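Shown next, in structure tokens, is the structure this report addresses.
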Amino acid sequence: MARISEEQKYQRRWWTLGVLSLSLVIIGLDNTILNIAIPTLQTELSASASDLQWIVDSYILVFAGLLLTMGAIGDRFGRARTLSAGLVVFGLASVFAAFTQTATELIVARAVMGIGGAMIMPATLSIITDVFPREERGRAIGIWAAVAGLGIGLGPIAGGILLENFFWGSVFLVNIPIVITALVLGYFFVPASRDPEATPLDLKGALTSFVAVSALVFGIIEGPAEGWSSPLVIAAFVLAGVFGAAFIWIERTVEHPMLNLDYFRNPRFSGGAVAISIAFFSLFGVIFLLTQYLQFVLGYSALQAGVRTAPIALGMVIGSALSPRLAERFGTNKVVAFGLFVLAATLTGFTFFGVATGYAVIGIAIVAMAFGMGNIMAPSTDSVMGAVPVAKGGVASATNDVTRQVAGAVGVAVIGSVFNSAYQANMETAVEQLPPEAAEAAGNSIGAALQIAAQVPGQAGEALADAARQGFVDAMGLATWIPVAVAIVGGFLILRFLPPHHLEPAEEPGARTDSTTPPAEVSPQP
């Protein structure tokens, strides 16, 4: 890292934001690009259904479990260093992933990528909080959130193009030029920052938080497949509860806690976290169904479906870019509630999608949904980050990220479970004439139902395919009412409890204030 003075730090802050946003792109890009590659990985690596699940979930499990710890490490030892180390880990793991020979090796590589991702994401947001003064921070976080949405939207398109022209490992190698560019530019434009108090790292809190979050996410992931009453899932939730309680007790009693739980008493911190949780609960659950709807019901290929979900990036960019200025004028609570109500209204429209709905309607709904998300994400994130001292920005950012991951996993599990139950009920009559094994497969999965229907001659096959498609859209419509209701209730709660503006100054309970201000002799630059 080049030595940067306080004056240079302020003058270069927009360059810094660009580098941090570039670093964040690989997180969103990697998450969605892998979804397009799953069928190819199944063929190339002879991966089982369980292998495919863990290729995705090993990253999520490690990433979510380590976020709080990595945020605290960034505050303690330096955020720019943590960011650079995370980029290196992510890049090396991507190379390893690209040339793995077995599904097990790829699962390990993805877990290591999760370590790198957990180092990158909290660092980007905490550095933004350190570099930008309060009056510009909301705008900067809006850009940060917009770039995150851009990465998510570009992933499916990039994955489809790479898989059509190069070998399957290219979906991981695409990370390397981004990593190298971010490292080089980061040396010149990302200033060093850390908690000046340099308190000891809370190792007990780090361990208990990792086990609690990882066990919780594991239980949520395995619940739909294993059954919510299975011993494995129950054990995971019990483990999460025990270690979660231990984490709370440690943070209440240790001299230097990793996460000061008193932050949650600040309604801007807790309210912002709740809003983000509701948004990602809805988004992850609905996208999980939408991608299947586009492919199985409307007949698009994986690449075609990826291109048609890309407008998510457009809506996110517009919403995230506009929301900071709207929040300044109308108040954070009104803008976030507006975003939640837009999300609810759009998802209500999703409940009316049918087996022949035109893409024009679907595309408009996707953009509107993402626009609502943008109006939730940026102001809520700014609310969370503004409620804590700059010195603790890494942990605050990590808390913000943990809520996203856990809420997203819960959304997929809950909405997916309701959908599966409804789909199975809808298919009971349609599969009665099939052999028992085929009937079970077709009754559990639209993909299996369409494959079986293709093998059944004449009108019987067509009738099974039609029943599967109709059963899917009916089940999707029913399941989507859950995030609709959650978003509506959340909107009214945010209006009631989230303060409209920052409660200055943000203070560490019993400690110093947030003193981030631009150098007096430097004029602000747009």
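The values are calculated or read from the model by the stated rules, or taken from the named source; none is laboratory data. A quick note: this is a predicted structure, and the numbers were derived from the prediction, not measured. In this analysis, Cβ positions are derived from the backbone assuming ideal geometry, glycine residues included, and neighbour counts consider all displayed protein chains.
Selection within region 1-45: residues that are of a type in the set (Lys, Arg) and at pLDDT below 70. The member of this set that is nearest to the chain's Cα centre (by Cα) is Lys9. For region 374-390, the condition holds for no residue, the condition being that it is assigned to a helix (DSSP H, G or I), out of contact with any Lys or Arg (no Cβ under 7 Å at 6 or more places or on another chain) and farther than 25 Å from Trp144 by Cβ.
State which residue is modelled with the lowest pLDDT when the search covers only region 281-331 and only residues that are touching a Pro at 6+ places or on another chain (Cβ under 7 Å) and among the polar types (S, T, N, Q). My answer is Thr309.
Could you tell me whether region 170-187 includes any residue that is part of a helix (DSSP H, G or I) and more than 27 Å from Met316 (Cβ to Cβ)? Yes; the residues of region 170-187 include at least one that is part of a helix (DSSP H, G or I) and more than 27 Å from Met316 (Cβ to Cβ). Just to be sure before I move on: is Pro518 exposed (fewer than 14 other Cβ atoms within 10 Å of the Cβ) and at pLDDT below 85 in the structure I sent? It is false that Pro518 is exposed (fewer than 14 other Cβ atoms within 10 Å of the Cβ) and at pLDDT below 85.
The condition of being more than 30 Å from Gly241 (Cα to Cα), surrounded by 15 or more Cβ atoms within 10 Å (Cβ to Cβ) and among the polar types (S, T, N, Q) holds for only one of Ser214, Ser193, that being Ser193. Of all residues in region 277-291, those that are under 16 Å from Ile152 (Cα atoms) and outside the structural domain of Ala145 (by TED's automatic domain parsing) have Cβ atoms under 8 Å from Cβ atoms of residues that are part of a helix (DSSP H, G or I) and of a type in the set (Ser, Thr, Tyr), 6 or more apart or on another chain, in Ala279/Ser380; Phe280/Thr403; Val286/Thr480; Ile287/Thr309; Leu290/Thr309; Thr291/Thr309.
Against the test of being touching a residue at least 24 places away in the same chain (Cβ under 8 Å) and either not basic (Lys, Arg) or not in a helix (DSSP H, G or I) (or both), the options Ala360, Ala407, Ala365 yield a single qualifying residue, Ala407.
Residues considered: Ala182, Ala140. Of these, the only one that is of a type in the set (Gly, Ala, Ser) and modelled with pLDDT of 85 or more is Ala182.
Taking (1) over 30 Å from Ile446 (Cβ atoms); (2) of a type in the set (A, V, I, L, M); (3) in a helix (DSSP H, G or I) in turn, Ile278 satisfies each apart from (1). Per the listing Val418, Val388, Val402, the residue uniquely crowded, with 24+ Cβ neighbours inside 10 Å and touching a Leu at 6+ places or on another chain (Cβ under 9 Å) is Val402. A single entry from Phe63, Phe90, Phe96 fulfils the requirement of being free of Cβ contacts under 8 Å to residues at least 40 places away in the same chain and either in the same structural domain as Ile26 (by TED's automatic domain parsing) or more than 22 Å from Val25 (Cα to Cα) (or both): Phe96. Checking Leu232, Leu154, Leu163 one by one, the residue that is within 21 Å of Met121 (Cα to Cα) and either in contact with a Ser or Thr (Cβ under 8 Å, 6 or more places away or on another chain) or part of a helix (DSSP H, G or I) (or both) is Leu154 and no other.
Among (1) surrounded by fewer than 21 Cβ atoms within 10 Å (Cβ to Cβ); (2) in contact with a Leu (Cβ under 8 Å, 6 or more places away or on another chain), there is one condition Met316 misses while meeting the rest; what is its number? Tallying (1) surrounded by fewer than 21 Cβ atoms within 10 Å (Cβ to Cβ); (2) in contact with a Leu (Cβ under 8 Å, 6 or more places away or on another chain), Met316 fails exactly one: (1). You will find that of Thr309, Thr332, the residue that is over 17 Å from the mean Cα position of the chain (by Cα) and of a type in the set (S, T, N, Q) is Thr332 and no other.
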